[in-house]
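Student: Handing you a structure now.
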Amino acid sequence: MASSSKAFNATKGERTFDVINYILLGLVLVVTLYPFLNVLAISLNDSTDTVRGGIYIWPREFTLENYKTIFGYTSLVQGFKISILRTVIGTLLGLISSSMLAYTLSRPDFRSRRFVSVFLAMTMYFSGGMVPVYILMRDLHLLGTFGIYVLPGMVSAFNVFVIRSFIDGLPYALQESAKLDGANDFVIYYKIILPLCKPVLATIALFLAVGQWNSWFDTYLYNGNKPSLTTLQYELMKILDSTNQGSAMTNANDLANQMANVSPESIKMAITIVVTLPILIVYPFLQKYFVGGMTLGAVKA
């Protein structure tokens, strides 16, 4: 009789916990999802009606005019191509360079590992500033080139340390046995280290891709007068600035006429959706690696 009572109480407690858990998770879902749905609803709502307010998760007067205004800008297509190229190339180069350096620093037989690690760590806290960096890019003849998007950010100290921590957690006996079989450092790196580092590499790839995709200030600073090297975010920033100022700084007269029929608030929301959507599409494919990569990569300092 006592055992059945305990079982009943345990079952009742578990049910109570499940109910509370579902309620809390539901609230978290609403708080997380509502801002995105609100932005989407405003971007799909008529600009004149948006000024009235009161739009939550569903557009009151559905229209695609906000997106037509954005994509009516001819340079947007070229900017989209360059943004995709810099994201793909920048992510690949960043992964290769950071993982190779991390593998080198993880080797106990690398005599300069401490010096290089300290040197890398200093770059996380000290910077030359915008003007010295600009002069450096000019002296390297990177101004007005595509390389300015991918070469300066190939190596990140944070990414190197995260990958190195992950590699430090792998059994070193794997590398020793590979050496006994005649494998050199490049074979060990390519056939042993890289396959085992998929979780942390996927995590770093997401960081690099988001950073490259959202970047626009380097375009403004180094390639602002190069229409062939413009990026999507830079063009969207100019469109947004045009709506705020009420003037056409984008060298497109037809765009200025279209801007008169839309509100800055609607354009902001439409731009947010355009910029966010590609990352939202890619993220689910990397999600299974994301948590594991960050957790395992942070086990050791």
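Student: Taking the condition of being aromatic (Phe, Trp, Tyr) and surrounded by fewer than 19 Cβ atoms within 10 Å (Cβ to Cβ), how many residues in the stretch 147-157 meet it?
Tutor: Final tally of qualifying residues: 0.
Student: Mind checking whether some residue in the stretch 158-171 is modelled with pLDDT under 90 and open to solvent by 60 Å² or more (accessible area, probe 1.4 Å)?
Tutor: yes
Student: Related question: Looking only at the stretch 108-126, which residues are surrounded by fewer than 10 Cβ atoms within 10 Å (Cβ to Cβ) and closer than 30 Å to residue 231 by Cα?
Tutor: 125, 126
Student: Right, here's the next one. Among the listed residues 181, 185, identify the single one that is farther than 23 Å from residue 116 by Cβ, at pLDDT below 90, surrounded by fewer than 18 Cβ atoms within 10 Å (Cβ to Cβ) and acidic (Asp, Glu).
Tutor: Answer to the check: 181.
Student: Assess whether residue 61 counts as being open to solvent by 60 Å² or more (accessible area, probe 1.4 Å) and touching a helix residue (DSSP H, G or I) at 6+ places or on another chain (Cβ under 9 Å).
Tutor: When the stated conditions are applied, residue 61 passes them.
Student: Taking the stated definitions as given, is residue 32 hydroxyl-bearing (Ser, Thr, Tyr), out of contact with any Pro (no Cβ under 9 Å at 6 or more places or on another chain) and within 30 Å of residue 201 (Cα to Cα)?
Tutor: Yes.
Student: Only one of 273, 239, 204 is among the hydrophobic types (A, V, I, L, M, F, W, C), buried (at least 16 other Cβ atoms within 10 Å of the Cβ) and modelled with pLDDT of 90 or more. Can you tell me which?
Tutor: 204
The values are calculated or read from the model by the stated rules, or taken from the named source; none is laboratory data. Nothing here was measured: the structure is a model prediction, and the numbers come from that model. Neighbour counts run over all protein chains shown; Cβ positions are idealised from the backbone, glycine included. Heavy atoms of the whole protein, side chains included, go into the accessibility calculation; ligands, DNA and RNA do not. Shrake-Rupley method; radii C 1.70, N 1.55, O 1.52, S 1.80 Å.
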